[in-house]
Structure formats: structure tokens, C-alpha cells
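The values are calculated or read from the model by the stated rules, or taken from the named source; none is laboratory data. These numbers come from a predicted model, not from an experiment. Reconstructed Cβ throughout: ideal geometry from the backbone, glycine too, with neighbour counts over all protein chains shown. Heads up: the accessible areas ignore ligands, DNA and RNA and are worked out on the full protein's heavy atoms, side chains in. Shrake-Rupley method; radii C 1.70, N 1.55, O 1.52, S 1.80 Å.
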Amino acid sequence: SQAEYCGRSGDESTLICTPLSGIFLELTWGGGQNNFDLYLIKNSANCSVSNACSYQTCTDGVSWSDDVADTSGNPFMLMENSCGSGPENIYLEAPAVALYSMGIHRRDNASCPNTDEGDPVEARLKLYLNGIHYNTYERDMDANLDYWELGNLHWHADGNHVVQVVSGYESNVQCMSP
């Protein structure tokens, strides 16, 4: 399958969809009312770094680009779902040659207490590279504050991108503070 961005034409009469380039992540999860957060982190695996792309930092984009005028090298959170079953989407149009870490945090919040606390809830991450579905990764996450470091994406200039699945899993992790 293919990742696309769809929008209306200037006169609103036509829906226009274009394939997405770069990196596109889509997180969904099962169960009742839960809050999961998606992370894309450049040159680090730590979900608490200030330049991590997450719901707190990335709705207006995080500055990763060396050129202030060119925002195509900055990630954006296109969709954020703070209570429900997703989706959450992060898009990076023009990735720099670098290492990118992908992670998922199960996190309770005041407006959405996890209805399945104590029960495993399956998280699903779809990874698209240059608009093409690369893989879907799934894992049960057991409790509030669990963090799944899915893995690393090595983005190369020659197009030979490498995904290294780490599947690190930790409990009681504090990512960014609200």
C-alpha cells in the first residue's frame, strides 16, 4: 500500500492525493480509551530529548533542518489522538542522512485514564518509506508508562535505507513532561 496526503483543490471541487516522500509513521492501538504517544527521534534513542518529535513538540514541527527557510527536513505530527485508539502520524518529508529512532509510549493522562490499565493493549506501527509501505510492527504493551523502542532507521543518501528492529521494552518510563 501507499501513504498519501489528500487535500481539496483550490476551488474545493476535487480531492487531490499525492504520494508522500521520506518517512511516514502511523500508530494505532487496540482496546478501549487509551493514550499512546508516537516518537521519532533523530540521532538518539532517548524519548526525553528536547528535539524528539512527539505530541508535545511536533504539532508545529521540530527544527531539525540546518536551513531555517527549508522546513522539509523538519518532522511534523500530522495527527495526534490523546484518547481513543489512534491514529497518530508523524511525517518527515526530506530526511537528512542520519539515524532515526522510533518509539511508542503508553501514557495515562488526566483527560484519558487508560480503561485497560493492567491489561495488555496491542500497539501497531506502520512504517512507510518514500510512500511505500515497508512493514507493520505489533507489540502488546502491558501498563501505563511502558515504552517500546521499536528500532532504528538508518537513512542513506543512496536510497538503501536500513531498518534495525531493537524491540527494547521498559516499564515506568517518563518521556517528556506535559
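Points worth noting:
- Of all the criteria given as (1) free of Cβ contacts under 8 Å to residues at least 60 places away in the same chain; (2) farther than 18 Å from ILE104 by Cα; (3) not hydroxyl-bearing (Ser, Thr, Tyr), the one not satisfied by ASN130 is (1).
- Residue among SER72, SER54 that alone is hydroxyl-bearing (Ser, Thr, Tyr), under 16 Å from the mean Cα position of the chain (by Cα) and within 26 Å of SER21 (Cβ to Cβ): SER54
- Of the strands (runs of 3 or more DSSP E) lying entirely inside region 42-118, those containing at least 1 residues that are out of contact with any helix residue (DSSP H, G or I) (no Cβ under 9 Å at 6 or more places or on another chain) and charged (D, E, K, R) are 88-92, 98-106.
- For region 27-66, filtering for residues that are β-branched (Val, Ile, Thr), modelled with pLDDT under 85 and buried (at least 18 other Cβ atoms within 10 Å of the Cβ) leaves 1.
- Note on region 72-106: residues that are charged (D, E, K, R) and surrounded by fewer than 22 Cβ atoms within 10 Å (Cβ to Cβ) amount to 2.
- Meets criteria (closer than 12 Å to TYR100 by Cα, surrounded by fewer than 20 Cβ atoms within 10 Å (Cβ to Cβ) and either among the β-branched types (Val, Ile, Thr) or at pLDDT below 85 (or both)) for ALA69: no
- Residues that are surrounded by 12 or more Cβ atoms within 10 Å (Cβ to Cβ), in a loop (DSSP other than H, G, I, E, B) and either more than 20 Å from the chain's Cα centre (by Cα) or modelled with pLDDT under 65 (or both), drawn from region 1-26: ALA3
- For region 80-111, a residue qualifies if it is over 15 Å from LEU127 (Cα atoms) and under 10 Å from the mean Cα position of the chain (by Cα), and exactly one does: GLU80.
- Subset of region 133-178 (residues that are among the acidic types (Asp, Glu), open to solvent by less than 60 Å² (accessible area, probe 1.4 Å) and part of a loop (DSSP other than H, G, I, E, B)): ASP146
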